[in-house]
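Readers should treat all values here as calculations from the given coordinates under stated rules, not as data from a laboratory. Source: prediction; values computed, not measured. Note that each Cβ is placed from the backbone with ideal geometry, even for glycine, and that neighbours are counted across all protein chains shown.
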Amino acid sequence: MTLISAFVAGVLFGGGLLLSRMSNPDNVLAFLDVAADWRPALLYTMAAAVIVAFPAFWVVRRSQRSWLGVAAELPDRFRLDAPLIVGSAIFGVGWGLSGICPGPALLLLTRADRGAIIFALALALGMLVRVPSAESAPRSRQRRLHEPSH
Amino acid sequence: MGPEQIPISQSVLGGALIGAGAAVLILFNGRVAGISGILGRILHGDPGPGGWRIAFLSGLLLPALLLGPGVKGLQAPWPLLATAGLLVGFGTRLGSGCTSGHGVCGVANLSPRSFIATGIFIGVAMLTVFLARHAGWAS
């Protein structure tokens, strides 16, 4: 059952990426380019995705279990550390250079275009570099944004 | 090619489908639909219990396999694509998430950590595009 639900989740996600046209890097770059003919489409797409996903996260955050009885694995919401900030900034540079983030990179691969293959190989290589785990960082180097009340 | 004119209804419906996918994965599997995390763990040899990460990625690719990715081909020169790919791969793993994991799921989960990550990667990406296109840092 969990394999079917994961597959269905993937189909919905991939179908949504296609329908929103955000698999086309030009549409992403048109959102990121605030100094020219700015196109807000990515914002509408992201806002709609967040609004639809919000109730589901609210439910599982409280129950801590999925509807199939699996223990939920929700990431820490409050830890603030250097890897989060530095990693997000590095991702931002790559995203701004190309207009491609990991989801669209995979969709683009389905055409086996030379550029898409080069991007995906580089993406995989970047992911295979061992990163210092945030959990192993000294506690003194971490900050908590807010102590959860429960 | 340049950007397309996308009707707002299409952007919203596409986003709703993305959100529905994220909702299904958290409701039934108790997992976050973060593509960099899912892909990164598979690459490190961890497909998850039952191989659910493979099942998710197979589903993700199905619409594009049937209909095509909707893009002709990438126009950017290959050294730029290779550099950008490396940065996206390394940055998303170091920062524990990308547009899907932090931008959609983390924000929907009201995670301050994801608000910060999303603000940083969108802001830095906007700055990068500005420098490349309008400040003469790239041709």
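Relative contact order for chain A: 28 percent, from Cα pairs under 8 Å spaced at least 6 residues apart, divided by residue count. Here residue B:78 and residue B:133 are evaluated by their C-beta separation; at R0 = 30 Å the FRET efficiency comes out at 0.95.
Exposure proxy shown here: for A:67, B:52, the number of other Cβ atoms within 10 Å sets the order, fewest to most, as A:67, B:52. Taken over the alpha carbons of region A:59-107 as equal point scatterers, the Debye sum produces base-10 log I(q)/I(0) values at 0.18, 0.21, 0.23 Å⁻¹ of -0.80, -0.83, -0.84.
Summing +1 for each Lys or Arg and -1 for each Asp or Glu among the other residues whose beta-carbon sits under 14 angstrom from that of residue B:54 gives +2.
Region B:69-131 and region A:91-111 have Cα centres separated by 8 Å. Peptides B:120-133, B:87-100, A:15-28 ranked from most to least packed by the mean count of surrounding Cβ atoms within 10 Å: B:87-100, A:15-28, B:120-133.
What are the DSSP H helices in chain A that stretch 18 Å or more along their long axis, judged by alpha-carbon atoms, and whose average Kyte-Doolittle hydropathy comes to at least 0.0? Numbers along the way, then the final one.
Details: long enough: A:2-20 (27 Å, 1.96); A:41-63 (34 Å, 1.43); A:82-98 (24 Å, 1.51); A:114-128 (21 Å, 2.05).
Both cut-offs are met by A:2-20, A:41-63, A:82-98, A:114-128.
The mean number of Cβ atoms from other chains found within 10 Å of a Cβ in peptide B:45-52 is 3, as a whole number.
Judged by the ratio a/c of the largest to the smallest principal axis of the C-alpha gyration tensor, region A:1-86 counts as oblate, that ratio being 1.5 or greater while a/b is no larger than b/c. Which shape class, rounded, prolate or oblate, goes with region B:1-93 when its Cα gyration tensor gives a ≥ b ≥ c as root eigenvalues, a/c under 1.5 marks rounded, and past that a/b bigger than b/c marks prolate? Here region B:1-93 falls in the oblate category. Give me the Debye-computed log₁₀ of I(q)/I(0) at q = 0.07, 0.08, 0.16, 0.17 Å⁻¹ for the protein assembly as shown, equal point scatterers on Cα only, no solvent, two decimals. So the normalised log intensities work out to -0.22, -0.29, -1.30, -1.48. Here the spin labels are modelled as points 7 Å beyond Cα on the Cα-Cβ line, and at residue A:121 and residue A:80 they lie 4.1 nm apart.
Could you pull out which residues in region B:106-139 have an amide N less than 20 Å from a spot 7 Å beyond the Cα of residue A:36, following the Cα-Cβ vector? From region B:106-139, the list is B:122-139.
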